[in-house]
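What follows draws every value from the coordinates through simple rules; no lab data is involved. Since the model is a prediction, treat every value here as computed from it, not as a measurement. Counting neighbours? That spans all protein chains shown, and the Cβs are built from the backbone with ideal geometry, glycine included.
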Amino acid sequence: MEKSIENIWKEGFLKNDALVAPKVNSLYTRKSIHIIDKFKRMFRINLAAIVIGAFVFLILSWFAGIPVMGAIFFVTLAVLVIINKRLLNGLEKIDKGVTSYEYLKAFNQWIKKQVAVNKKISSFVYPIIFMSLVLGFWFKDAEGILLGERLVDKLLLKFPDTPLMLGIPVTGIIGLVLVTGLLAFFGGKIYQWDLNLVYGKVLKKLDELLADLDRLRS
């Protein structure tokens, strides 16, 4: 029978020949259970919130007359959730036959892998979300005419010499490419900021706990 996390903790963080007071070992056991359980709970809640938010945005975008935006946004978030759900499933495959200290180290390695994967994905996610906003409003029906075309017509009335490419102002295309490029370049940093905002305290406690245990083992 596979060991539960609690059973792993009962065997102690350190090997039997390690001279660590039982009360100290018990203290770190309780801290570790709390940190891992809290992270898993927050991670699942975050995924559930993304799913709910994607569905709500899809419905609202339909009634707002910008279904293109809602569809792209929904598909992007759906892919993001599927990838992270698979990563979460991978967490359950960590060998539970190891000592609790080794399990905690493996858990920390899993977090680093999850962060690395999401950083790479963020270089695509943020630009796609931005493009969904632009396309959504461009293709919005504004009294029988696409909103984007209506805006271009108004622009040409004031600035008739505005250069166009495929019916779109060149300056607009340049701005679009620039913003998209910046979002792709800084996507990983934006994700890291978001990660620290949501999980920062938990990850800091995990790092501190591992540092303490490494000192005890040395």
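Laid out as a table, the results:
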{"item": "Sequence-distant residues sharing a close amide H with K140 (under 5 Å, placed H)", "result": "L147, G148"}
{"item": "At most 16 other Cβ within 10 Å, DSSP loop - trypsin sites (Lys or Arg not before Pro), the stretch 81-168", "result": "K93, K96"}
{"item": "Along principal axes, Cα extents of the stretch 154-217, largest first, whole Å", "result": "74, 17, 13"}
{"item": "Value of Rg to Rh for the stretch 115-204 (Rh from inverse mean 1/r over Cα pairs, i.e. Kirkwood)", "result": "1.17"}
{"item": "Over the stretch 136-177: Rg over Rh, Cα atoms, Kirkwood Rh", "result": "0.98"}
{"item": "If the convex hull is drawn through the Cα atoms of the stretch 39-186, its volume per residue in Å³", "result": "113"}
{"item": "Theoretical gain in end-to-end length, A78 to T162 [0.36 nm per residue, Cα-Cα removed]", "result": "26.3 nm"}
